[in-house]
Amino acid sequence: MENKMSKRLFSNMQIHLIIKIFLVFVFLFAAGIVTLINNYTDKSIIINEYNAEITINDSGDMRVVETWDMTYNSMLNVRFRDIDYNKFPDDYPLPINPDNYANFDVNSTSLTVFKDGVNVTDSINIGYSFNDDVDELGINVDCEPLREKCESLFVDLQNVGGLIGDITFVYDFTIKSAVSEYSDISEINWILFEYIEGTIKQGEVIINLPINTFDLSSFYLWNHGLKTSTVTIESNTSMKITFEDIQISDVLSFRLLAPTSVFPLIATNNIFIDDGINKEVILLFEQDIVDSEARGLFIENNAMTFTFGISLLMIFIGGLIYFVYFKPFRVEKNNEYSICDTPSNHNPAIIGYLYKMRKTTNEDFTATVLDLILREYLILVESNNEFELIIKLNQHKNIEELKEYEKLLVKWLIETIGDFDQVSTKKIVEFGQESIDSAKLFNSNRKSFEAMVKLDSEKLDFFDNKVKIHKIIGLFFALIPFVLVITGIIMSLVYSINIIVSIILMFGIFVLYSFSISILDRRSKKGQELFKEWEKYNRRLISSNDYQKSNVQDIDYWEKNLVYATSFGIAEGVLEQLQVNLPLTNGVSHDSRFLRVGYRENTNNYGFSIYNINNSYYNGGRLARITIAASVSSSSSSGGGGHSSGGGGGGGGRSR
């Protein structure tokens, strides 16, 4: 019996901490899973394959014929293909000539759509931004967000049942003057797309060049931003980029270097001769990008392993902080107390504050009321209502002799809630819901009671006065995961890598470690010695063997023990022993202060008064919070991309 009750006591003291830690882990796990789902398993739009055939002519014009083989699993109606043709973005890092720009050929653009293998182009609405066409909402077709040097191609499939099932889009467009010529090399540096509606399973980009006589070593081709891609220079006129598993945030781009004479008819304004831009400069620039991508890939591949290592490090640091600064003091063997003794004469709320590590609970309120009844400052009587008790003020006692928190409690119950003479437990329950003012007053007095218990308890030096300093030392190490979170965010932006799960978990480590350090506490040596004495007393209270050996028949003893048992949260166990060891005879009933009140002989319900007082306080506080919450509610109203080499072009696909 003792072992069983001890386990239950341990559970009561630790369960809230365990639940909090568990909820933190659940939150982090759920956040990670949600992120994974959002990034990888959204199957409403699937791009089965993307193929592009790019043909560059002698003038450096680029014709693109691209095929998007897509599956729509949710009903949509329209798609936009945004095509940027700005040759050099604003943040382009190499020298440029402002006159070296590209143009979109509005006279050689076409669009073909297949639904479930059937050509439906003639049955759907097609619009182009360069023709000032409008979409299905009557709004001008345009890129989103609106920007210069971007054209948008629009299709509306409502006439053929909308975007559902297998849809294939074939876009044919030409970018004029896409190639730039420098002193010793020509280049085309282009982004085909930088945003898409879904992941692309696989695809390829074929690049065709004019016929020439150069060997393969004269050509250079790079692809950036894709983890699973292969670049192949098949001949001096044909090159290929193949890829798999492009994510929504990835960018498909390429940079091609070729001898200047491959494009003999290039326009004069596309030629830029400057010492700051040539073959060597571009090769070094590309090598920097390759190195950066390698670093980013290494970081991405090892992020989870690193996060796991940091978690072990923080567990070690947390354990070290605990053992150095927060491990309870060792105390000498406790003095032996008989079951009839209490280890000290401290009031129950003070002992509760010591026992529960600076916490004051509903049970401490009830224990204080019972203690005041036991000391005859308050008198407990029955009322005409079977389920109601009356707490009366003993006018013959001077409440100024009481501690501040006890005086507050008496005035709160008798004067604020009661009629200056008495208060019923029913009135305590109802007071918090009478009005918003009474609800706030209930909460205010509750907080004041807890604050005064804390104030009186802290004067007794029950707790280590260096706890705050030790917590600061412990929290200093929280900078490790916090700095790594910031570093991870910066690296994900700099290297365009997806380490969001590691960042979330690292932030979770920071929160969990900080939370764990913040709740650590330690009693002083004096407080630990007293705690150990009361802990032994607590065990004796719930030990049936001790009761049987003692055969205690003193009602004062039982009521005094029940006061502390109430504060410890074990009153139920003590009452079980009481029913066995102390029949409520007339003599016992006459001497009782609160056990006799509300006693039901047919059920031996000794605990009626304890439960009634405790429930009145608990329900009064609950109703007060509900009243305040309802008042607040009624008065308020509710209201990425992957790496690229910084080339021109861009855009992407949008469906709705």
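Applying the criterion of being more than 20 Å from LEU283 (Cα to Cα) and outside any strand (DSSP E or B) to the residues of segment 217-241, the residue that is most open to solvent (accessible area, probe 1.4 Å) is LYS227.
The combined condition, being open to solvent by less than 20 Å² (accessible area, probe 1.4 Å), in a helix (DSSP H, G or I) and at negative phi, is fulfilled by LEU409.
What's the total number of residues in segment 331-355 that are among the charged types (D, E, K, R) and either surrounded by 15 or more Cβ atoms within 10 Å (Cβ to Cβ) or modelled with pLDDT of 90 or more (or both)? Matching residues across segment 331-355 total 0. Here the condition is being buried (at least 16 other Cβ atoms within 10 Å of the Cβ) and within 23 Å of ASN385 (Cβ to Cβ); of PHE449, PHE442, it holds for PHE442 alone. Taking the stated definitions as given, is PHE420 buried (at least 19 other Cβ atoms within 10 Å of the Cβ) and under 30 Å from THR627 (Cβ atoms)? Answer is no for this residue. The residue that is surrounded by the most Cβ atoms within 10 Å (Cβ to Cβ), counting only those in segment 242-301 that are closer than 24 Å to ILE206 by Cα and small (Gly, Ala, Ser), is SER253. Listed by first and then second residue, the pairs with beta-carbon distance under 7 Å, at least 6 apart or on different chains, first residue in segment 46-61 and surrounded by 20 or more Cβ atoms within 10 Å (Cβ to Cβ), second among the hydroxyl-bearing types (Ser, Thr, Tyr), are ILE47/THR199; GLY60/SER177; ASP61/THR174; ASP61/SER177. Which residues, taken from segment 488-508, are open to solvent by 30 Å² or more (accessible area, probe 1.4 Å) and part of a helix (DSSP H, G or I)? Result: ILE489, ILE490, MET491, LEU493, VAL494, ILE500, VAL501, ILE504, LEU505, PHE507.
Here LEU257 qualifies as touching a helix residue (DSSP H, G or I) at 6+ places or on another chain (Cβ under 9 Å), more than 30 Å from VAL501 (Cβ to Cβ) and not in a helix (DSSP H, G or I).
Per-residue answers, yes or no, for (1) open to solvent by 60 Å² or more (accessible area, probe 1.4 Å); (2) modelled with pLDDT under 95; (3) in a helix (DSSP H, G or I):
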site: MET357; (1), (2), (3): no, yes, no
site: THR360; (1), (2), (3): no, yes, no
site: GLU363; (1), (2), (3): yes, yes, yes
site: VAL381; (1), (2), (3): no, yes, no
site: LYS392; (1), (2), (3): yes, yes, no
site: LYS397; (1), (2), (3): yes, yes, no
site: ASP437; (1), (2), (3): yes, yes, yes
site: ASP461; (1), (2), (3): yes, yes, no
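Within segment 535-589, if we keep just the residues that are aromatic (Phe, Trp, Tyr) and either out of contact with any Leu (no Cβ under 7 Å at 6 or more places or on another chain) or open to solvent by 70 Å² or more (accessible area, probe 1.4 Å) (or both), the residue that is modelled with the lowest pLDDT turns out to be TYR547. For the residues ILE167, ILE196, ILE200, ILE175, the requirement of being modelled with pLDDT of 95 or more, under 40 Å from the mean Cα position of the chain (by Cα) and not charged (D, E, K, R) singles out ILE167. So the check is Cβ under 7 Å with 6+ separation or different chains; which pairs have a first residue in segment 567-578 that's under 15 Å from ILE613 (Cβ atoms) and in a loop (DSSP other than H, G, I, E, B) and a second one that's open to solvent by 10 Å² or more (accessible area, probe 1.4 Å) and modelled with pLDDT of 85 or more? Filtered contacts from segment 567-578: GLY569/GLU363. Consider LEU479 carefully, then state whether it is at pLDDT 90 or above and either more than 33 Å from the chain's Cα centre (by Cα) or farther than 23 Å from ARG358 by Cα (or both). When the stated conditions are applied, LEU479 passes them.
The values are calculated or read from the model by the stated rules, or taken from the named source; none is laboratory data. Since the structure is predicted, the reported quantities are computational estimates derived from the model, not experimental observations. Cβ sites come from the backbone with ideal geometry, for glycine too, and all protein chains shown count toward neighbours. All accessible areas refer to the heavy atoms of the entire protein, side chains included, with ligands and DNA or RNA removed. Shrake-Rupley method; radii C 1.70, N 1.55, O 1.52, S 1.80 Å.
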